[in-house]
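A.B. asks: Questions regarding the structure given below will be posed in turn.
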Amino acid sequence: MTSQSWIAHTGSALQGALAIPGDKSVSHRSVMFAALADGTSRIEGFLEGEDTRATAAIFSQLGVRIETPSPSTRIVRGVGVDGLKAPSAALDCGNAGTGMRLLAGLLAAQPFDSTLIGDASLSKRPMRRVTGPLAQMGAKIDTCDDGTPPLRIHGGQALTGIDFTSPVASAQVKSCLLLAGLYAQGETTVREPHPTRDYTERMLSAFGVEIDFSPGYAKLRGGQRLRATDIAVPADFSSAAFFIVAASLIPGSDVTLKAVGLNPRRTGLLEALRLMGADIEVLNPAEHGGEPVADLRVRHAVLKGARIPESVVPDMIDEFPALFVAAAAAQGQTIVSGAAELRVKESDRLAAMATGLRSLGVQVDETPDGATIHGGPIGGGIIESHGDHRIAMAFCIAGQLSTGEVVVLDIANVATSFPGFDTLARGAGFGLREG
C-alpha cells in the first residue's frame, strides 16, 4: 500500500474465522536451512512479507535456486552446507533483525567475504551481542564504532566451538551461534538466562541435524550436514496477537484464528491475558514440522489489570505492544517488569508505547525495564509509530476502543511482518481507513 498512515476508529464486533499469515521466524529459518540442505525442500505457508523475501533474495545472491510456484510456496534447491557462492554485492536484510543476526553466524564460517546491510531502523540495532561471541569462535566481523550495521564479514576463518552463556535472553543470538557451530570444530553450546523460542533447534532436528536441546540450553557438534525436508509454516502467533487482544476487548466479539503456531517459548501473551480474565480456547491441536499448532477461539471478556510474571516476559517479547493496549483498556493497573529487551527492538518499544498511550489520555508510569499502565478510557489522538510495525498495529486496536479517531503515522513497515493486515482487520470488523 502507498498510504503512510491509518485512521483507526470504532468498528463492529469481530466475527468469523481468520487466516493469519505464516510465521515470520519459521519462514526465515525454513529458507535458510533448506538452502543449506542436500536436496530439494518445499515450503508451504511461507510469509510473503518484506523481511522474509529479503532473506530469500539473499540466498539467491548466494547461489541458491529458489522457485515460487504460487504465493506462500517456495521450492528451494539446496546446495549443501559447503555450496554457497560469494555474492557480487552487499546483502540487504531490509528490516529483518532475525535475518541479519542469523546470517552473521552462517556467513562468518564461509570461505568468502560478505557484507550485511539493512534499512534505517535495522541499521540502529545492536549487533555486538552476536559479533562478540562469534569473535570468540574465531570469526572476524567489522561493525560501525557503536556496534551497529553494516556487518563486514571476513571469510576464510576457522571457527572453533564454544560453551557460551548468553547475558541476554535472545533466540536470535542463540540461533546465530548454532549456525556458526555447524561449521565449527568441536561442539558449540549455548546457555541462556531465560529460555527463548526454540525454532532453530526444532527445525535443525527436522532437517536431520543431531542437536541436544532443552529450555535455556542447546548443543550441537560441527561438521553435520542437513537433509532436505518439506516444511508447513504455521500461522504467526505474533500477528495473531493483535486479533487475540482486539477480540478480547471489543464487546460481542467471537473469532477463531486458524492453525496458529503455539511454540511454548512464544505464547507468554496467552498466559498474561488469561491472568487478566481473557476467554481463549485452544482447539484442534496438531504438529507441523516439529512445531505445535492449534486453532484459537477468542471471545470478548472483561479484562482486569494484573502483575505480569517476569517468567513469561521472554516468551512474549514481540507481543508487548498489543499487551499494553489490553492493559490500557483493562480495569485497574497492569504492572510489567523485566522487559528491558523492548528498548532495543525496531524502536524503543517501552518508550514508544508509553508515549503513545499517554497521548490518548492513558496514565503510564515508565520504568527502566517496564511500566505500570493504569486502565481507563482511551481517547483519540495522533500516534508516531517510529516505523515499528508492531506499534502501528497495536494502536489500530486502541482506535477500536477510543472516544475519538486514532491516527497512526509511519505504517509502511507493517508490510515487513503482516502484509494485508489492514484488509484482514477491516474484514473482521475493525474501523480502519487509509489516512
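The values are calculated or read from the model by the stated rules, or taken from the named source; none is laboratory data. Quick caveat: nothing in here was measured; it's all calculated off a predicted structure. No Cβ is skipped: glycine too gets one built from the backbone with ideal geometry, and neighbour counts run over all protein chains shown.
A.B. asks: Looking for something touching a Pro at 6+ places or on another chain (Cβ under 6 Å), touching a residue at least 24 places away in the same chain (Cβ under 8 Å), assigned to a strand (DSSP E or B) and not basic (Lys, Arg) - is there at least one such residue anywhere in the stretch 281-290?
C.D. replies: Taking the stretch 281-290 and keeping what is touching a Pro at 6+ places or on another chain (Cβ under 6 Å), we get 288.
Within this subset, residues satisfying the condition of being touching a residue at least 24 places away in the same chain (Cβ under 8 Å) are 288.
Going one step further and asking which of them are assigned to a strand (DSSP E or B), we end up with 288.
After this cut, where a residue has to be not basic (Lys, Arg) as well, the list is 288.
Within the stretch 281-290 (the criterion being touching a Pro at 6+ places or on another chain (Cβ under 6 Å), touching a residue at least 24 places away in the same chain (Cβ under 8 Å), assigned to a strand (DSSP E or B) and not basic (Lys, Arg)), the answer is yes, since at least one residue qualifies.
A.B. asks: Also: Can you pull out the residues in the stretch 347-383 that are surrounded by fewer than 19 Cβ atoms within 10 Å (Cβ to Cβ) and modelled with pLDDT under 95?
C.D. replies: Hits for the stretch 347-383 are 348, 351, 366, 367, 368, 369.
A.B. asks: Would you mind stating whether residue 57 is at pLDDT 95 or above, part of a loop (DSSP other than H, G, I, E, B), in the same structural domain as residue 142 (by TED's automatic domain parsing) and among the hydrophobic types (A, V, I, L, M, F, W, C)? It would help to see each step written out before you state the result.
C.D. replies: Values: at pLDDT 95 or above: yes; part of a loop (DSSP other than H, G, I, E, B): no; in the same structural domain as residue 142 (by TED's automatic domain parsing): yes; among the hydrophobic types (A, V, I, L, M, F, W, C): yes.
So residue 57 does not fit the description; no.
A.B. asks: Identify all residues within the stretch 267-314 that are modelled with pLDDT of 95 or more, more than 15 Å from residue 238 (Cβ to Cβ) and small (Gly, Ala, Ser); write none if there are none.
C.D. replies: Across the stretch 267-314, the qualifying residues are 277, 278, 294, 301, 305, 306.
A.B. asks: Please enumerate the residues belonging to the stretch 385-426 that are among the acidic types (Asp, Glu) and within 21 Å of the chain's Cα centre (by Cα). Walk me through it before giving the result.
C.D. replies: Filtering the stretch 385-426 for residues among the acidic types (Asp, Glu) gives 388, 405, 410, 422.
Selection gives 388, 410, 422.
A.B. asks: Quick one: how many residues across the stretch 323-358 are of a type in the set (A, V, I, L, M) and within 16 Å of residue 376 (Cα to Cα)? Don't jump to the end; show me each part of the working.
C.D. replies: If we filter the stretch 323-358 for residues that are of a type in the set (A, V, I, L, M), which is where we start, we get 323, 325-330, 335-336, 339-340, 342, 344, 350-354, 357.
Now narrow it down to the ones that are within 16 Å of residue 376 (Cα to Cα): 323, 325-330, 335, 353-354, 357.
The qualifying residues number 11.
A.B. asks: So which residues in the stretch 24-49 are closer than 21 Å to residue 106 by Cα and among the acidic types (Asp, Glu), if there are any at all?
C.D. replies: The answer is 38, and nothing else.
A.B. asks: As an exercise: evaluate residue 268 against (1) of a type in the set (Gly, Ala, Ser); (2) surrounded by fewer than 24 Cβ atoms within 10 Å (Cβ to Cβ); (3) over 18 Å from the mean Cα position of the chain (by Cα) and give the number of the one condition it does not meet.
C.D. replies: Residue 268 satisfies all of (1) of a type in the set (Gly, Ala, Ser); (2) surrounded by fewer than 24 Cβ atoms within 10 Å (Cβ to Cβ); (3) over 18 Å from the mean Cα position of the chain (by Cα) except (3).
A.B. asks: Let me ask you something else. Scanning for something part of a helix (DSSP H, G or I), farther than 30 Å from residue 209 by Cα and small (Gly, Ala, Ser), does the stretch 298-306 turn up at least one residue?
C.D. replies: Checking the stretch 298-306: not a single residue is part of a helix (DSSP H, G or I), farther than 30 Å from residue 209 by Cα and small (Gly, Ala, Ser).
A.B. asks: In addition: Quick one: in the stretch 5-33, of everything that is under 22 Å from the mean Cα position of the chain (by Cα) and either without any contact (Cβ under 8 Å) to a residue 12 or more places away in the chain or assigned to a loop (DSSP other than H, G, I, E, B) (or both), which residue is surrounded by the most Cβ atoms within 10 Å (Cβ to Cβ)? Even if it seems obvious, please write down each step before you answer.
C.D. replies: Filtering the stretch 5-33 for residues under 22 Å from the mean Cα position of the chain (by Cα) gives 18-33.
After this cut, where a residue has to be either without any contact (Cβ under 8 Å) to a residue 12 or more places away in the chain or assigned to a loop (DSSP other than H, G, I, E, B) (or both) as well, the list is 19-21, 23.
Details: 19: 9, 20: 25, 21: 24, 23: 30.
In this case the residue turns out to be 23.
A.B. asks: Right, next: Picking from 63, 94, 99, which residue would you name as being in a loop (DSSP other than H, G, I, E, B) and touching a residue at least 60 places away in the same chain (Cβ under 8 Å)?
C.D. replies: Just a single option satisfies the conditions, and that option is 94.
A.B. asks: Considering only residues of the stretch 133-159 that are under 23 Å from the mean Cα position of the chain (by Cα) and either within 17 Å of residue 177 (Cα to Cα) or outside the structural domain of residue 188 (by TED's automatic domain parsing) (or both), which is surrounded by the fewest Cβ atoms within 10 Å (Cβ to Cβ)? Walk me through how you get there before you give the answer.
C.D. replies: Taking the stretch 133-159 and keeping what is under 23 Å from the mean Cα position of the chain (by Cα), we get 133-134, 147-151.
After this cut, where a residue has to be either within 17 Å of residue 177 (Cα to Cα) or outside the structural domain of residue 188 (by TED's automatic domain parsing) (or both) as well, the list is 133-134, 151.
Details: 133: 23, 134: 27, 151: 28.
So the residue we want is 133.
A.B. asks: For the stretch 124-132, check the following and say yes or no: at least one residue is surrounded by fewer than 22 Cβ atoms within 10 Å (Cβ to Cβ) and either closer than 14 Å to residue 61 by Cα or aliphatic (A, V, I, L, M) (or both).
C.D. replies: Taking every residue of the stretch 124-132 in turn, none turns out to be surrounded by fewer than 22 Cβ atoms within 10 Å (Cβ to Cβ) and either closer than 14 Å to residue 61 by Cα or aliphatic (A, V, I, L, M) (or both).
A.B. asks: Of the conditions (1) hydroxyl-bearing (Ser, Thr, Tyr); (2) modelled with pLDDT under 95; (3) surrounded by fewer than 17 Cβ atoms within 10 Å (Cβ to Cβ), residue 98 satisfies every one except a single condition; which number is it?
C.D. replies: The number of the failed condition is (3).
A.B. asks: Which residue pairs have Cβ atoms under 6 Å apart, sit 6 or more places apart or on different chains, and have a first residue in the stretch 152-181 that is farther than 13 Å from residue 136 by Cα and among the aromatic types (Phe, Trp, Tyr) and a second that is in a helix (DSSP H, G or I) and at pLDDT below 95?
C.D. replies: Listed pairs, sorted by first residue: none to list.
A.B. asks: Can you confirm whether residue 98 is under 25 Å from residue 39 (Cα atoms), under 21 Å from the mean Cα position of the chain (by Cα) and either polar (S, T, N, Q) or assigned by TED's automatic domain parsing to the domain that holds residue 390 (or both)? Break it down into steps so the answer makes sense when it comes.
C.D. replies: Working: under 25 Å from residue 39 (Cα atoms): yes; under 21 Å from the mean Cα position of the chain (by Cα): yes; either polar (S, T, N, Q) or assigned by TED's automatic domain parsing to the domain that holds residue 390 (or both): yes.
For residue 98, the condition - under 25 Å from residue 39 (Cα atoms), under 21 Å from the mean Cα position of the chain (by Cα) and either polar (S, T, N, Q) or assigned by TED's automatic domain parsing to the domain that holds residue 390 (or both) - is met.
A.B. asks: Just the residues that are crowded, with 19+ Cβ neighbours inside 10 Å, of a type outside the set (Val, Ile, Thr), under 16 Å from residue 18 (Cβ atoms) and in contact with a strand residue (DSSP E or B) (Cβ under 7 Å, 6 or more places away or on another chain), please, taken from the stretch 295-322.
C.D. replies: Keep residues of the stretch 295-322 that are crowded, with 19+ Cβ neighbours inside 10 Å, which gives 296, 298, 300, 303, 305-306, 308, 313-322.
Add one more test, that the residue is of a type outside the set (Val, Ile, Thr), and what stays is 296, 300, 303, 305-306, 314-316, 318-322.
Now restrict to residues that are under 16 Å from residue 18 (Cβ atoms): 296, 300, 322.
Scanning the stretch 295-322 gives a single hit, 296.
A.B. asks: For the stretch 73-89, enumerate the residues that are among the β-branched types (Val, Ile, Thr) and part of a strand (DSSP E or B). Spell out how you get there, then give the answer.
C.D. replies: Keep residues of the stretch 73-89 that are among the β-branched types (Val, Ile, Thr), which gives 73, 75-76, 79, 81.
Result: 73, 75, 76, 79.
A.B. asks: Considering only residues of the stretch 191-202 that are modelled with pLDDT of 95 or more and within 23 Å of residue 229 (Cβ to Cβ), which is surrounded by the most Cβ atoms within 10 Å (Cβ to Cβ)?
C.D. replies: Among residues in the stretch 191-202 that are modelled with pLDDT of 95 or more and within 23 Å of residue 229 (Cβ to Cβ), the one surrounded by the most Cβ atoms within 10 Å (Cβ to Cβ) is 200.
A.B. asks: How many residues are surrounded by fewer than 21 Cβ atoms within 10 Å (Cβ to Cβ) and out of contact with any Pro (no Cβ under 9 Å at 6 or more places or on another chain) when one looks only at the stretch 248-265?
C.D. replies: 5
A.B. asks: Given the conditions (1) touching a helix residue (DSSP H, G or I) at 6+ places or on another chain (Cβ under 8 Å); (2) more than 30 Å from residue 385 (Cα to Cα), which single one is not true for residue 27?
C.D. replies: Of the numbered conditions (1) touching a helix residue (DSSP H, G or I) at 6+ places or on another chain (Cβ under 8 Å); (2) more than 30 Å from residue 385 (Cα to Cα), the odd one out for residue 27 is (2).
A.B. asks: State all residues of the stretch 102-115 that are in a strand (DSSP E or B) and crowded, with 24+ Cβ neighbours inside 10 Å; if no residue qualifies, say none. First the steps, then the outcome.
C.D. replies: In the first step, residues of the stretch 102-115 are kept if they are in a strand (DSSP E or B); the result is 114-115.
If the condition is that a residue be in a strand (DSSP E or B) and crowded, with 24+ Cβ neighbours inside 10 Å, then 114 is the only one that fits.
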